[in-house]
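Chemist: There's a structure below that I have some questions on.
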Amino acid sequence: VAEKHTITLTINGVQHRLELAPWTSLLDALREYLHLTGTKKGCDHGQCGACTVLVDGKRINACLTLAVMKDGAEITTIEGLTAENGLHPLQTAFIEHDAFQCGYCTPGQICSAVGLMNEGRVKTVDDIRELMSGNICRCGAYPNIVDAIQEVMQIPPKA
Ligand code: FES
Ligand code: FES
């Protein structure tokens, strides 16, 4: 039996001590051990972005990350974006722009968009498309997803 590792993760502002097998992904730690099921498992192979969360403000695929590698990190999931006084502006924009159908990709899309905003690299709508390309939507809600992000980032429409 492999030895378990004890790690500490601060998730949405709350510290958790976890005893995990070293191969446990951050995604499984969130979903199976902490029951934070807002973060979705699509491919489990780094190809769909459904599992995107923020680690110290940067977006990552939680399925490709071992939880033990993030010992001591600050993690934000979709559950942590909703403040006491209401939804995150991106959450509101996704609703207003009808930017989802089944909703399975949505937590990852929104966390990824928060990471995108933190990166400060977007100048145009095409940049949004390019830099959000790691988040797949099997329902094809892309135009509305881009519209929602564009509004929150105040990127002017294409001339
Ligand atoms: Fe992680 Fe698909 S579940 S990228
Ligand atoms: Fe269904 Fe994106 S809304 S996968």
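The numbers here are math on the coordinates, done by the rules we state, and not lab data. All values reported here derive from a predicted model rather than from experimental measurement.
Chemist: For the stretch 5-81, take every pair of Cα atoms, bin their distances at 10 Å starting from 0, and report each bin as a whole percent.
Modeler: Percent of Cα pairs in each bin: 21, 61, 17.
Chemist: Output ³J(HN,Hα) for the stretch 141-158: one whole-Hz value per residue in order, computed from phi by the Karplus curve 6.51 cos²θ - 1.76 cosθ + 1.60 with θ = phi - 60°, and x for Gly and Pro.
Modeler: 7, 3, x, 6, 4, 5, 4, 5, 5, 4, 5, 5, 7, 6, 8, x, x, 5
Chemist: Distances longer than 19 Å among the Cα atoms of the stretch 79-159: what percent of all pairs is that?
Modeler: 30 percent
Chemist: Per residue, how much space in cubic angstrom lies within the convex hull of the C-alpha atoms of the chain?
Modeler: Expressed per residue, the convex hull around the Cα atoms of the chain is 107 Å³.
Chemist: So if each residue of separation counts as 0.36 nm, and I subtract the Cα-Cα distance between Arg121 and Cys102, what length gain in nm does that give?
Modeler: Roughly 3.9 nm would be gained on extension.
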